[in-house]
1. Residue 200 fails exactly one of the following numbered conditions: (1) open to solvent by 60 Å² or more (accessible area, probe 1.4 Å); (2) touching a residue at least 60 places away in the same chain (Cβ under 8 Å). What is the number of that condition?
2. Do you know which residues across the stretch 244-262 are among the basic types (Lys, Arg) and either farther than 19 Å from residue 285 by Cα or at pLDDT 90 or above (or both)?
3. Tally up the residues in the stretch 227-243 that are open to solvent by 70 Å² or more (accessible area, probe 1.4 Å), at pLDDT 85 or above and closer than 23 Å to residue 176 by Cα, please.
4. Which ones in the stretch 53-77 are open to solvent by 40 Å² or more (accessible area, probe 1.4 Å) and in a helix (DSSP H, G or I)?
5. Among the numbered criteria (1) at pLDDT 85 or above; (2) open to solvent by 10 Å² or more (accessible area, probe 1.4 Å), which one does residue 179 miss?
6. Between a first residue in the stretch 259-276 that is open to solvent by 10 Å² or more (accessible area, probe 1.4 Å) and a second residue that is among the β-branched types (Val, Ile, Thr) and not in a loop (DSSP other than H, G, I, E, B), which pairs have beta carbons less than 8 Å apart while being 6 or more apart in sequence or on different chains?
7. Which count do you get for residues in the stretch 121-136 that are small (Gly, Ala, Ser) and open to solvent by 60 Å² or more (accessible area, probe 1.4 Å)?
8. Which pairs turn up if I take residues in the stretch 473-500 that are among the small types (Gly, Ala, Ser) and look for partners that are assigned to a loop (DSSP other than H, G, I, E, B) and open to solvent by 20 Å² or more (accessible area, probe 1.4 Å) with beta carbon separation below 7 Å, at least 6 apart in sequence or on another chain?
Amino acid sequence: MSSTPLPDLDYARYARWLQRGAGKALALAVCDAAGLPCWTAPEHADLQPWLAQLKDDGFAWPCTGEGMQRIDAGAAVLLYVPVMHKGQIAGYVCVRDVAGVDAPFSWDALAEGLEDVAAAIGDECRLHGELDSMAGELSDRYEELHLVYAIDRQVQEMPTGEDLFGSLLESWAEHMNADVAAFIKPGEGLCVSATNLSKPIHNLDLVLVEMRGDLYRFAHSSRQPIVMNDKMDPRRAYIFTDMPFKILCCPVFQDKTVVAVLVLLNHEHKNDFSNSDRKLGEVLANHLSSLSRMHSMLAETSKFNQQMAAALIEAVEAKDPYTRGHSERVHHIAMEIGRALRLPPRELDNLFWGSLLHDVGKIGIPDAVLCKPGRLTRDEFTFIMVHPERSYEILRHIDRLQGAVPGARHHQEKYDGTGYPHGLAGNDIPYNARIIAVADTYDSITSSRAYRAGRSHEVAMAEIARVAGTQLDPGVIAAFEQVCRAEPAWIAGFGIQRDPAPASAEAA
């Protein structure tokens, strides 16, 4: 017998239908596959305990042949027809009558009526099953769509430069209620994981090693999702040996080749990974494939951009050996100031490129001027003053650097409006240009030139403080001073001199 429960239907409707045919209220009942009453006619209150007694007495609802069955039960007779669902008995429609009393209408008509009712209930069971299946399928599709929408929204809202995979794995571990979510791409040496632990995993590093090793190789060969819930799963002989975690592993494809895996892992006390979880895992894996491809393209583009920038800087610094490393040092200092000022990610990106390429216009200055060891004449200094505009002319053609151009173009403006190339003052000077100006001034003072040696950090800071409000932005200077106090190691890293502390300070 099937254990499929009969749905909660309007059985009274079928009783009324039989009553119209019989001319009286029949002692009708509907029982489940085990013979227990699901519904009995309200007019016959004793019918339910009577049927229960029959079951207790060992009545097994035998069915011989097709159609209505008849069983004499003492002073009563039980007439019943099985309800069929998916080829199995799901229950019974039965009528109790008094033995030896003629039926109000022919037994054939009653049998036909009961068979019609049983068939109708069977049809309703099928429809309810189909509706339940559709509801479950719709629920799964809704969860998938919700997850896809959440992924897309998170990717769109993610700040530039943030750890894309790490952030997504954190949200997916939470969404899937997984202890660990990991993305493994051995070809690029990528292993990113996030935890949402229900209890500690003391050997997480070993677990990740196992994911990168045998689990990835097995998924790469099978090209199918792997679900291991049972700790006696025979595959544990060579995958996750002696690690009783529940595992869902979905291969990530690119051009029909498995290039990575998405792994969800749970402690053994948690629920098994279901078929629905597997489908969601495949959805995540498909999205990770697209994101991984995009990530690789962006990384390649970023690497190319940095190489091109390095080539431009090398071309400039090749003209003047004394300025070698200047652009990188200004870039480092400017980025530290930008972070201290809590610039938003897009502005930090603009500052990244603007500070790195701020002097690229010097490539157009004659060597005799750029490398002159003594004081410049007025005309020679005019050549120097041209370089911010040259930087602008070089960089303005690159769409990717449009946000970085103002920082490079205006880093020689002065806070009081006496700088060049446009004589901007105060807040009219782009913020990134004011940051680059402080970094550029510091490095110019502390770096050696053909005509003088580099000066100490303390001398540079004193000079910067002196020109606060005239040449440089006081707010940016305050942020730079904060950076110097918080992270003094970079000063030594650049080989910048430090004046000895006064004796009183040493004693203190």
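1. (2)
2. To start, the set of residues in the stretch 244-262 that are among the basic types (Lys, Arg) comprises 246, 256.
246 - this is the single residue of the stretch 244-262 that is among the basic types (Lys, Arg) and either farther than 19 Å from residue 285 by Cα or at pLDDT 90 or above (or both).
3. So the answer is 1.
4. Result: 53, 55, 56.
5. Condition not satisfied by residue 179: (2).
6. Going by the 8 Å Cβ cut-off, the qualifying pairs are 259/252; 273/227; 273/247.
7. We begin by selecting, within the stretch 121-136, every residue small (Gly, Ala, Ser); these are 122, 129, 133, 135-136.
With the extra rule that they be open to solvent by 60 Å² or more (accessible area, probe 1.4 Å), the set shrinks to 133.
Selection size over the stretch 121-136: 1.
8. Pairs found: 479/341.
The values are calculated or read from the model by the stated rules, or taken from the named source; none is laboratory data. Nothing here was measured: the structure is a model prediction, and the numbers come from that model. Glycine gets a Cβ as well: all are built from the backbone with ideal geometry, and neighbour counts include every protein chain shown. Only protein heavy atoms, including side chains, enter the accessible area calculation; ligands, DNA and RNA are left aside. Shrake-Rupley method; radii C 1.70, N 1.55, O 1.52, S 1.80 Å.
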